[in-house]
Amino acid sequence: MTSVLTPVLPKISRVEVLRRQAKNAGLKLLAKSGLASAIGHRFGGNGIILMFHEFVTSPDNLLDQGCRVSDLEAALRNLSQSGWDFVTLGEAIRRISSGNPNRFVVLTYDDGYRSNIELALPVMEKYNAPATIYVPTQMMTRDINAWWLGLRVLARDNDRIEFDPMGLAFECVDLPSKIAALRRMVAWVWEDFRRVEHLARIFEAYKVSVADEVERTVLTEDEMMAADRHPLIEIGAHTTTHRALALLSEADAEEDIDANKRYLESKLDREVPHFAFPYGAPSIAGTREAEICKKLGFETAVTTEPGALFPEHAGYPFLLPRQDAENTVDGQAHITCGVNGVFRALASRLGDPVVRPDGFSE
Ligand SMILES: [Zn+2]
């Protein structure tokens, strides 16, 4: 069967370019003017959890994904000089429960990438900053459907992609068009995670090996176990399969989380009290998923809803807000605004500083 695909030369639209430029200029101004820290008095709470995935020396290699390690270093230096404390998740919960006034930052890295150790750990050691790395079981067993890595390889290695589930043929011959094509494909999956099932056939047609990319970029099981023995690293749970939990039945979601917890605990020979929801958006991780985490004995579970931690979160730490800290245009301004709760201030239109998911008692 041949289908007629619409050829597109993917590029970021002019409107989007302008919007991004305005946003980044705004963030830079906020960070530099001191307004970010003024906003922080109300929106910064007691501290904040930051989210990263991969670290890079140049984001071009990852089609503009990841965090420059130089941005991580600058952020930790600035935060340290400004008197912020770097703490573990366990310490963060103790602080919001006890009302310790020192503001803190928690570093978290999702999915178990090797660059967390190779690039970020030396910087963390310099500033004595701990981090939690959330690891899905199938990343370690190498049988995960890491579709986001597959799409990146697809865009990186092909100048033309016949992406028939979208009815499009991407002509992506240079870096900007590859970045744009990748963003469009990823956004298309995020609209409906059931679309993941279309991708295996495309990966096969283009000879994209997700397993090879996982092998190249993700810690091995032995490396993960060694990382957990480092005093600044704690491995956390992130499900067995890294699927969008909202698509699973309650029993399947519980099994997917529980089996990962048990796997990690057997490898690490200790309790694994911290969990991150894959994808983490409110539509994917809600009260049902939070209750499963509570039932399974986790102490915390983090989302990707931006916002700071407040004493209110100590009472129900299973849908904790977390700030995405990756920005390849101006990572430092982005992190300065992030730690001060600026993104929550914007999302709430200067309303309630506290992220209060459903089921969250005030
Ligand atoms: Zn993840």
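The values are calculated or read from the model by the stated rules, or taken from the named source; none is laboratory data. Just so you know, these numbers come straight off a predicted model, no measurement behind them. Note that each Cβ is placed from the backbone with ideal geometry, even for glycine, and that neighbours are counted across all protein chains shown.
One residue is enough: does region 25-41 have a residue meeting the conditions farther than 30 Å from residue 349 by Cβ, among the polar types (S, T, N, Q) and surrounded by 15 or more Cβ atoms within 10 Å (Cβ to Cβ)? Checked region 25-41: no residue is farther than 30 Å from residue 349 by Cβ, among the polar types (S, T, N, Q) and surrounded by 15 or more Cβ atoms within 10 Å (Cβ to Cβ). Listed by position, the helices (runs of 4 or more DSSP H) enclosed by region 105-170 that each have at least 2 residues that are within 23 Å of residue 93 (Cα to Cα) are 121-127.
Cβ-Cβ contacts under 7 Å between residues 6 or more apart (or on different chains), taken from a first residue in region 123-143 that is under 24 Å from residue 258 (Cβ atoms) to a second residue that is within 12 Å of the ligand (Cβ to nearest atom) and among the hydrophobic types (A, V, I, L, M, F, W, C), are listed as 134/237; 134/276; 136/144; 138/144; 139/218. A Cβ distance below 8 Å, combined with a sequence gap of six or more or placement on separate chains, defines the contacts here; from region 180-205, residues that are under 15 Å from residue 243 (Cα atoms) reach residues that are aromatic (Phe, Trp, Tyr) and not in a helix (DSSP H, G or I) in the pairs 190/279; 193/279. Of the residues contained in region 44-52, none is found to be among the aromatic types (Phe, Trp, Tyr) and in contact with a Lys or Arg (Cβ under 7 Å, 6 or more places away or on another chain).
Residues that are touching a Leu at 6+ places or on another chain (Cβ under 9 Å), within 15 Å of the ligand (Cβ to nearest atom), charged (D, E, K, R) and touching a residue at least 24 places away in the same chain (Cβ under 8 Å) do not occur anywhere in region 38-46. Note on region 272-304: among residues that are out of contact with any Lys or Arg (no Cβ under 9 Å at 6 or more places or on another chain) and among the β-branched types (Val, Ile, Thr), the one that is nearest to the ligand (Cβ to nearest atom) is 284. Note on region 47-59: residues that are in a loop (DSSP other than H, G, I, E, B) and either touching a Leu at 6+ places or on another chain (Cβ under 9 Å) or modelled with pLDDT under 85 (or both) amount to 2. The set of residues in region 218-268 that are part of a helix (DSSP H, G or I) and farther than 22 Å from residue 302 by Cβ comprises 221, 222, 223, 225, 226, 229, 251, 266.
Yes/no matrix, rows are residues, columns are (1) in contact with a strand residue (DSSP E or B) (Cβ under 8 Å, 6 or more places away or on another chain); (2) part of a strand (DSSP E or B); (3) modelled with pLDDT of 95 or more; (4) closer than 24 Å to residue 192 by Cα:
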site	(1), (2), (3), (4)
272	yes, no, yes, no
275	yes, yes, yes, yes
280	yes, no, no, yes
283	no, no, no, yes
297	no, no, yes, no
305	no, no, no, yes
329	no, no, no, no
334	no, no, no, no
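Give me the residue from region 60-83 that is of a type in the set (A, V, I, L, M) and part of a helix (DSSP H, G or I) and, out of that set, farthest from residue 332 (Cα to Cα). Looking at the filtered set, the residue picked out is 62. Scanning region 49-70 for residues that are away from the ligand (no atom under 16 Å from the Cβ) and touching a strand residue (DSSP E or B) at 6+ places or on another chain (Cβ under 9 Å) returns 56, 57, 58, 59, 68, 69. Exactly one residue among 232, 199, 154, 219 is touching a Lys or Arg at 6+ places or on another chain (Cβ under 6 Å) and modelled with pLDDT of 95 or more, and that residue is 219.
In region 99-156, of all residues being polar (S, T, N, Q) and farther than 27 Å from residue 77 by Cα, the one that is farthest from the chain's Cα centre (by Cα) corresponds to 141. Within region 251-265, is even one residue surrounded by fewer than 16 Cβ atoms within 10 Å (Cβ to Cβ) and in contact (Cβ under 8 Å) with a residue 40 or more places away in the chain? Checking region 251-265: at least one residue is surrounded by fewer than 16 Cβ atoms within 10 Å (Cβ to Cβ) and in contact (Cβ under 8 Å) with a residue 40 or more places away in the chain.
The listed residues are 137, 132, 108, and the only one of them that is surrounded by 18 or more Cβ atoms within 10 Å (Cβ to Cβ) and over 23 Å from residue 327 (Cβ atoms) turns out to be 137. The single condition from (1) away from the ligand (no atom under 14 Å from the Cβ); (2) touching a Leu at 6+ places or on another chain (Cβ under 6 Å) that residue 247 fails is (2). Consider residue 214 carefully, then state whether it is surrounded by 21 or more Cβ atoms within 10 Å (Cβ to Cβ) and more than 23 Å from the chain's Cα centre (by Cα). Taking the combined requirement at face value, the residue does not satisfy it.
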